[in-house]
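*Asks:* This is the structure, below, for whatever I ask next.
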Amino acid sequence: MSQPKPDDADTRSGRDASGLPLRGPRSTKVGSSKAGTGRSLTRRQRLSRWDARFAPYVYISPFFVVFALVGLFPLVYTAWVSVHEWGLLSGKGEYVGLQNYREVWENPYFLKQTVNTLSIFVLSSGPQIVIAVVLAAMLDTHLRGRTFWRMSILLPYVVSPVAVAIIFGSLYGDKYGLINQALNTIGIDGIGWHTNRFASHVAIATMVNWRWTGFNTLIFLAAMQAVPRDLYESAEMDGASKVRQFLSVTLPMIKPTMIFVVITSTIGGLQIFAEPRLFDETTARNGGADRQFGTITMFIYDQGWQLRDLGRASATAWMLFLMILALALVNLMLVRRLGRLGGSK
Amino acid sequence: MSHLTHTRSRRTGLALAAVAALVLGVTTACGDDSEGGGDEDGTTTISVATFNEFGYEGLIDEWNESHDDIKIKQVKVGTWDDAKANLYTKLAAGSGLSDIEAIEGDAIAAVLAESDAFTDLSDPALDGRWLDFAVERGTSQDGELIGYATDVGPEGICYRADLFEQAGLPTDRAEVAALMGTWDDYFATGEKFVAAMPDTAWYDSSEGLSQAMLNQVENPFETDDNTIDTDNPELKAVWDTVTGNAETLSSGNSQWGDDWTASFQNDGFATMACPGWMLGVIEGNAEGVEGWDIADVFPGGGGNWGGSYLTVPAQGDNIDAAKEVAAWLTAPEQQVKAFLDKKTFPSQVEALSMPEVTGAVGEFFNDAPIGEILANRAKAVTVQPHKGPKYSDILQAFQAGILRVVDGSQTPDESWDQFQTDVEALG
């Protein structure tokens, strides 16, 4: 193992014969300039070259194969469905071009549910990221029983959203919920958590935040621990306060993680479904009788499975996909700009 | 050194405990979702999907004790609407349905429209088992019997005698019945009640009231040839009555929601329209509450609300066994037991004259002779509304429309217009 023989072409140990780390292009270039010109290669040598050239791609291929199967194919197939009449039970009908998209666009519920989704997204992702960063900063100190605190902050994440919805459902009951009962005892009228549009968004956002804040905290914590400690020492010697250190050292250093979290929460936030659906008290479960808190994914579900029109459901799904793409890009730009501002100070 | 190893071992211990807690959380959160139905030990498991209360728990135990080759497993969800969402998703997928799927009476017409996906359960041996109208509703246009009727839903009025007393109203069944012969009388009595008891509503929900009234309309949403017609005067009359009384008499709760369920324990309302199967729901939700009774009356004549069917989806692996189980569960002897358990009033002719049914007493309902009362209520039913394939879908939109008025987000006229648009979208 320690001294491979020159003709030992077994590169599975991760190193080629020369002992250099394997990097596809480089090792093949070495091979072709020396051996490829003059004499022909032995079968073993040729195998070795192929191995070096293609093995890395084979190693990473499972992800892409699975992605093509469960990611790319459904995406393309959804596009195919969206330009046809397509009933849930009756199956494929005529080609209709962009008519499904037009119908969805003209449906007043679509606009309303898009606004709801964005509102719930802003109410959840915004506070969630701020709280997560602050919590992570607090956990990144010399606390007693650190592991305990760090692990317990993740506990809400492992509770299933269904259980979360049941618990929060009894907190936010319009009449007999804990919060409204408490408000009543101090003489304030209860809040219509299921009927007032904004109140319902707040209620759902708290559910999301409760579940996801801890998860994001851990990601931020990992990023913070990777910040070189000597940066803080230098800052301290320059007389920077803890707050200043946080703003000028920690935040700029965790920017890549921040981008990651913002983008994943954009993707997740715009697809919110289980929380509002389970929060719903009406039998149709479209997000309130007037769709006060219906989201786009619930609109897709309604179109596809309750109105049983998969064509329109697919069209909506594609519109949502494009919306997420656009918003993720906007967020990416915003976070980058923000980081630059912080860095220039 | 020893100090260091000490803290390290403590930290490891903490980490282990935390991980254990996480794993526990994950596993309990995931729950047991294993599908039965396998033939590992030579037995066939027949899954029966039901909603609300069918009263099958005891029957399933009885079957499982006496049968070694076929076992029954119940899959229960809260409401028909959730069961319906599951039904259509899995019909489209072509797999995943239970061997037997219970269908709510209002939606059986929609299932008949997809009769290819269900097994024809016709069996000459079962001729004459059910009331004619129950068989008719479960039979497709081609004459295939798609669903075995479980129960029917003759409606009476359930009421809280203790709250009636506090409000200065009579509490005796017969006297209460005399106060509610027509809808006008019912609402007028309600006005008196809420004047005396301002914190308690007259009835449980506007949606429940709307169902009770719709079941007295010949063609609520669809004409006899199944053309959708939701802009008809009779429907508008129901709408106007329900929305007009919403503010003063209704609890304002969304039927089947958390607040609605909680209102049984909080003196939230005094009366509700109750078909037989609703008695079981009341008994469950109002556990520990004393004072429930049932009057042998229904405003504006009789009415039938619901009553369900057992169907056997064609996609199942054990169709013959499923058919056998469905026939057994809907046999008079079994439905009588279900009735005694959850008060689902049998749709089987023979069961109606059995002493267990005619002499049945509801202990929870102040020992009311529920068998006799429900039989009278069934006889009072004169109208069987025409419910076409879209009935259940339109009903959902209709009730959402009523809720928009009840919760104050729209005026009755705005909401009525939106209901019409929603129905158009159903196509």
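The values are calculated or read from the model by the stated rules, or taken from the named source; none is laboratory data. The structure presented is a predicted model; accordingly, all values stated were derived computationally and were not measured. When we count neighbours, we look across all protein chains shown, and the Cβ atoms used for this are built from the backbone with ideal geometry, even at glycine. Only protein heavy atoms, including side chains, enter the accessible area calculation; ligands, DNA and RNA are left aside. Shrake-Rupley method; radii C 1.70, N 1.55, O 1.52, S 1.80 Å.
*Asks:* Which residue pairs have Cβ atoms under 7 Å apart, sit 6 or more places apart or on different chains, and have a first residue in the stretch B:344-369 that is of a type in the set (D, E, K, R) and modelled with pLDDT of 95 or more and a second that is open to solvent by 10 Å² or more (accessible area, probe 1.4 Å) and in a loop (DSSP other than H, G, I, E, B)?
*Replies:* B:Asp367/B:Val361
*Asks:* On to the next question. Examine the stretch A:201-214 for a residue that is within 12 Å of another protein chain (Cβ to nearest Cβ), within 30 Å of A:Ile263 (Cβ to Cβ) and crowded, with 17+ Cβ neighbours inside 10 Å, and state whether such a residue exists.
*Replies:* yes
To keep it simple, each residue is scored yes or no on (1) buried (at least 17 other Cβ atoms within 10 Å of the Cβ); (2) within 14 Å of chain B (Cβ to nearest Cβ); (3) in a loop (DSSP other than H, G, I, E, B).
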| residue | (1), (2), (3) |
| --- | --- |
| A:Thr257 | yes, no, no |
| A:Arg277 | yes, yes, no |
| A:Gln292 | yes, yes, yes |
| A:Asp302 | yes, yes, no |
| A:Ser314 | yes, yes, no |
| A:Leu332 | no, no, no |
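*Asks:* Take residues that are within 11 Å of chain B (Cβ to nearest Cβ) and under 14 Å from A:Thr206 (Cα atoms) and tell me which of the helices (runs of 4 or more DSSP H) falling wholly in the stretch A:104-181 contain 3 or more.
*Replies:* A:161-171
*Asks:* Kindly provide the set of residues from the stretch B:284-297 that are surrounded by 21 or more Cβ atoms within 10 Å (Cβ to Cβ) and more than 23 Å from B:Phe54 (Cβ to Cβ), ordered by number.
*Replies:* Within the stretch B:284-297, B:Asp293, B:Ala295, B:Val297 meet the criteria.
*Asks:* Still on this structure: Answer yes if at least one residue in the stretch A:224-239 is open to solvent by less than 50 Å² (accessible area, probe 1.4 Å) and touching a residue at least 60 places away in the same chain (Cβ under 8 Å), and no otherwise.
*Replies:* Yes: one or more hits.
*Asks:* Please go through the stretch A:85-109 and give me each residue that is touching an Asp or Glu at 6+ places or on another chain (Cβ under 9 Å) and either under 13 Å from A:Arg291 (Cβ atoms) or loosely packed, with under 13 Cβ neighbours inside 10 Å (or both), ordered by number.
*Replies:* Within the stretch A:85-109, A:Gly93, A:Glu94, A:Tyr95, A:Tyr109 qualify.
*Asks:* How many of the residues in the stretch B:407-427 are buried (at least 20 other Cβ atoms within 10 Å of the Cβ), within 10 Å of chain A (Cβ to nearest Cβ) and under 25 Å from B:Gly105 (Cβ atoms)?
*Replies:* Adding up the residues that qualify gives 1.
*Asks:* Can you work out which of the residues in the stretch A:262-275 that are of a type outside the set (Phe, Trp, Tyr) and assigned to a loop (DSSP other than H, G, I, E, B) is nearest to B:Thr79 (Cα to Cα)?
*Replies:* Among those that are of a type outside the set (Phe, Trp, Tyr) and assigned to a loop (DSSP other than H, G, I, E, B), it is A:Ile272.
*Asks:* Just the residues that are within 14 Å of chain A (Cβ to nearest Cβ) and surrounded by 12 or more Cβ atoms within 10 Å (Cβ to Cβ), please, taken from the stretch B:113-127.
*Replies:* Result: B:Ala113, B:Glu114, B:Ser115, B:Ala117, B:Phe118.
*Asks:* Are there any pairs, at least 6 apart or on different chains, whose C-beta atoms fall under 8 Å, with the first in the stretch B:206-224 and open to solvent by 10 Å² or more (accessible area, probe 1.4 Å) and the second of a type in the set (Asp, Glu) and assigned to a loop (DSSP other than H, G, I, E, B), and if so, which?
*Replies:* The qualifying pairs are B:Asn219/B:Asp229; B:Thr223/B:Asp229.
*Asks:* How many residues does the stretch B:228-270 hold that are part of a helix (DSSP H, G or I), of a type in the set (S, T, N, Q) and open to solvent by 60 Å² or more (accessible area, probe 1.4 Å)?
*Replies:* The qualifying residues number 1.
*Asks:* While we're on this one: Within 14 Å of chain A (Cβ to nearest Cβ), under 18 Å from B:Trp80 (Cα atoms) and in a helix (DSSP H, G or I), is that true of B:Trp277?
*Replies:* Judged against the criteria, B:Trp277 is not a match.
Residue-wise test of (1) within 11 Å of chain A (Cβ to nearest Cβ); (2) at pLDDT 90 or above; (3) more than 30 Å from A:Ser160 (Cα to Cα); (4) surrounded by 15 or more Cβ atoms within 10 Å (Cβ to Cβ).
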site	(1), (2), (3), (4)
B:Leu16	yes, no, no, no
B:Thr28	yes, no, no, no
B:Ser34	no, no, no, no
B:Ile46	no, yes, no, yes
B:Leu59	no, yes, yes, yes
B:Ser66	no, yes, yes, no
